[in-house]
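Read the structure below first, then the notes.
Just so it is clear, none of the values below were taken in a lab; they were calculated from the coordinates. Note that the structure is predicted; figures quoted are calculated from it, not measured. All Cβ positions, even for glycine, are placed from backbone atoms using ideal geometry, and neighbour counts span all protein chains on display.
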Amino acid sequence: MLSEADEYKNKYLRALADYQNLEKRFFNEKKESEKHITRRVVERFLSVMDDIERAQAFHEDEGLTMIAKQFENALKDLGVSEIELVGKEFDPLYAEAIEMVEGDHDNLVMSVARKGYMMGDSILRPAQVRVSKKVSN
């Protein structure tokens, strides 16, 4: 039979284990919450990045180019990367086909209408692309 001291020791060890598990769960939940918040903020700013790039296409401006570069660097620091698709086979996980265009091969991404982005291993926003359709003669 266990002595009273052993019983208290066992209760202490169980309480300590419960506390450590709670601490780990809290840390993991906090980390996931931070990721979720960061993702939501970044998603909101992607449309701003699109607008900056459209403005650059219509007006060559050094200041606008600097802002775009700073924006790209800030996104990169947050783990955001552009999904590179042109010349690759169309994959619906990474892109939405918005148009079929004639081409020499079937199912290749010919051009990007709206860039897609990833954050780490997850897709923030799929790209919108034009996909080739082989024309038979």
Just to confirm the number: angle between the C-alpha axis of helix 4-58 and the first principal axis of the chain, 0 to 90 degrees, nearest 10?
10
Value of relative contact order over the chain, rounded to a whole percent, pairs C-alpha under 8 Å and six or more apart
19
Within the chain, what percent of beta bridges assigned by DSSP are antiparallel, to the nearest 5?
60
Translational D in µm²/s for the stretch 79-137 (Stokes-Einstein at 4 °C, 1.567 mPa s, Kirkwood Rh from C-alpha pairs)
112
GNM on the chain, Cα springs under 10 Å; top mean-square fluctuation among Gln70, Gln56, Gln20 goes to Gln20
Most mobile of Ala127, Ala57, Ala68 per a Gaussian network model of the chain (Cα springs, under 10 Å)?
Ala57
The chain - charge dipole about Cα centre, Lys and Arg +1 at Cβ, Asp and Glu -1, debye rounded to 20
420
Student exercise, the stretch 1-78 dipole from Lys, Arg, Asp, Glu Cβ charges, in Debye to nearest 20
420
For q = 0.17, 0.20 Å⁻¹, Debye-computed log10 I/I(0) when each Cα of the chain counts as one equal scatterer
-1.00, -1.15
